[in-house]
Amino acid sequence: MEHNIFLLDISHLTKVDMAAFIEEEIVLLDNMDESSSGPVGEQSSRSFPIQSQMSMVLLSLEGEIRIRISLMEYVVRPNMFCVIVPGVIFEIFSISAESKGFMIATRNNFMPVTEKAAQVMSFYKCLQNSNCFTFGEKELAEFIKVYRSIKDIVQETEHPFRIPMLQAYVQIMYYWMVPVVIKETELQTKYPRTRQEEIFQRFISEVETYYRRERSVKFYADLLCISPKYLSSVIYKVSQKLAGEWIDAYVILEAKTLLKSERLTVQQISERLNFPNQSFFGKFFKRCSGMSPKEYMNS
């Protein structure tokens, strides 16, 4: 994803009233100890996709959160956690009124570059198929303990070794997540994919590479050396969504992100996404989203 689109960084999160943070390093948001849910537990009135410039972990303790991460939709229930890595586009659709939990965000490369840290960060490779996972009761309790320790250290404003202590605790936090993520990945790969599932995964990989300039099903069928008709049939059988719908979903997701960034004009976005002209882009956007680009930009 190109870096001139909208990016959510730590500075945005520090403006939230309940935030505990160290400027440009780490931000914590939680309502675990509130008698009522408060801001974290309010229903979302509107949503739009944003791209993260930091590593984020979201844990749900009560209620439900509806979220889309890299075009995959999840309902995050109690004991579940989501991992969002830098560069990923996500969108929170709603948060139930009774929701409680916490979120921790760290700048990219917050953890020191050590052999152990590299091993922890390698678990990101397992996030290609899923971003949300479920803790067992023991792991959940320990994870919460680590979070509370991190929060205590953030609030120790005079401690001379606050940053290295936080880096160590964030590593411990990832050590609690790694086995859960790896176990889930092993379960997914335990059974070999069918040929149709392989075609679907290859199709999605190619779409992620070329969607900014190619929206023809035939283009992707040619890359996979199969007919457009067969590709369309396979994609629908595996995902219950047409191949063209997947292509459009990637295009519209970036279009929405670019529009909300307010850094490019509609014309520039149209050109970036390889539409023949602004009018054609506007018709495409309205067909997919129900409103014009300018209406969405101002929503």
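The values are calculated or read from the model by the stated rules, or taken from the named source; none is laboratory data. The shown structure was predicted, so the numbers you read here are calculated from the model rather than taken from an experiment. So basically every Cβ, Gly included, is an ideal-geometry build from the backbone, and we count neighbours across all protein chains shown. Each accessible area value is taken on the protein alone, full model and side chains, heavy atoms only, with ligands, DNA and RNA left out. Shrake-Rupley method; radii C 1.70, N 1.55, O 1.52, S 1.80 Å.
Loop-located chymotrypsin sites (Phe, Trp or Tyr not before Pro) in the stretch 140-180 (DSSP state other than H, G, I, E, B) with a sparse environment of at most 12 neighbouring Cβ atoms within 10 Å: F161.
Please give the per residue accessible area of the chain, computed with a probe of 1.4 Å over protein heavy atoms only, in Å².
Values: 15660 Å² over 299 residues.
Dividing the accessible area of the chain by its residue count gives 52 Å².
Label separation (E214 vs N109): 3.3 nm, computed from points 7 Å beyond Cα along the C-beta direction. Rounded to the nearest 10 degrees, the angle from helix 137-154 to the longest Cα principal axis of the chain is 70 degrees. Using r as the Cβ-Cβ distance of D33 and Q267, and R0 as 51 Å, what FRET efficiency do you calculate, to the nearest 0.05? The computed FRET efficiency comes out at 0.55. Accessible area per residue (1.4 Å probe, heavy atoms of protein chains only) ranks C126, C82 as C126, C82, with the largest value leading.
Determine the shape class of the stretch 177-282: with a ≥ b ≥ c the square roots of the Cα gyration tensor eigenvalues, call it rounded for a/c under 1.5, and otherwise prolate if a/b is greater than b/c, oblate otherwise. Oblate, since a/c reaches 1.5 and b/c is not below a/b. Each label was represented as a point 7 Å from its Cα along the Cα-to-Cβ direction; for M291 and E62 these points are 3.3 nm apart.
Rolling a 1.4 Å probe over the protein chains gives M165 an accessible area of about 70 Å². What the Kirkwood sum gives for the stretch 143-228 is a hydrodynamic radius of 17.2 Å, with every pair of different alpha carbons counted.
Applied to the stretch 271-279, the Karplus parametrisation 6.51 cos²θ - 1.76 cosθ + 1.60 on θ = phi - 60° returns per-residue 3J(HN,Hα) values of 5, 4, 8, 6, 8, x, 7, 5, 5 Hz, with x for Gly and Pro. Within the chain, all pairs of alpha-carbon atoms sorted by distance into 10 Å bins from zero give the percentages 6, 24, 32, 24, 12, 2, 0. Relative to the dominant Cα principal axis of the chain, helix 243-261 is inclined by about 60°. Proximity of backbone amide H atoms, modeled 1.01 Å from N, is registered between L8 and Q51, S52, Q53 at under 5 Å, excluding neighbours fewer than 5 places apart on the same chain.
Leaving out ligands, DNA and RNA, and with a 1.4 Å probe, what % of the accessible surface on the chain is carbon or sulfur? If you can, show how the numbers build up before the last one.
Numbers: 8080 of 15660 Å².
Roughly 52 percent, rounded to a whole number.
At a threshold of 8 angstrom on Cα-Cα distance, excluding pairs fewer than six apart, so keeping six or more, what relative contact order does the chain reach in percent?
Details: 444 pairs, mean separation 46.7, N = 299.
With pairs under 8 Å counted, the relative contact order is 16 percent.
Quote the charge dipole size of the chain about the Cα centre in Debye, to the nearest 20; the model charges only the Cβ of Lys and Arg (+1) and of Asp and Glu (-1). List each step's numbers first, then the result.
Details: 34 positive and 36 negative charges, 271 e Å.
That gives the chain a dipole magnitude of about 1300 debye.
Taking the C-alpha atoms only, the angle from helix 228-239 to the longest principal axis of the chain is near 30 degrees. Only lysine pairs 8 or more places apart, or on different chains, with alpha-carbon atoms under 30 angstrom apart are counted in the stretch 149-268, and they number 15.
Placing R77, R162, R272 in order of accessible area, with the largest value first and a 1.4 Å probe, yields R77, R272, R162.
Subtracting the Cα-Cα distance of N277 and E137 from 0.36 nm times their residue separation leaves 44.9 nm of extension gain.
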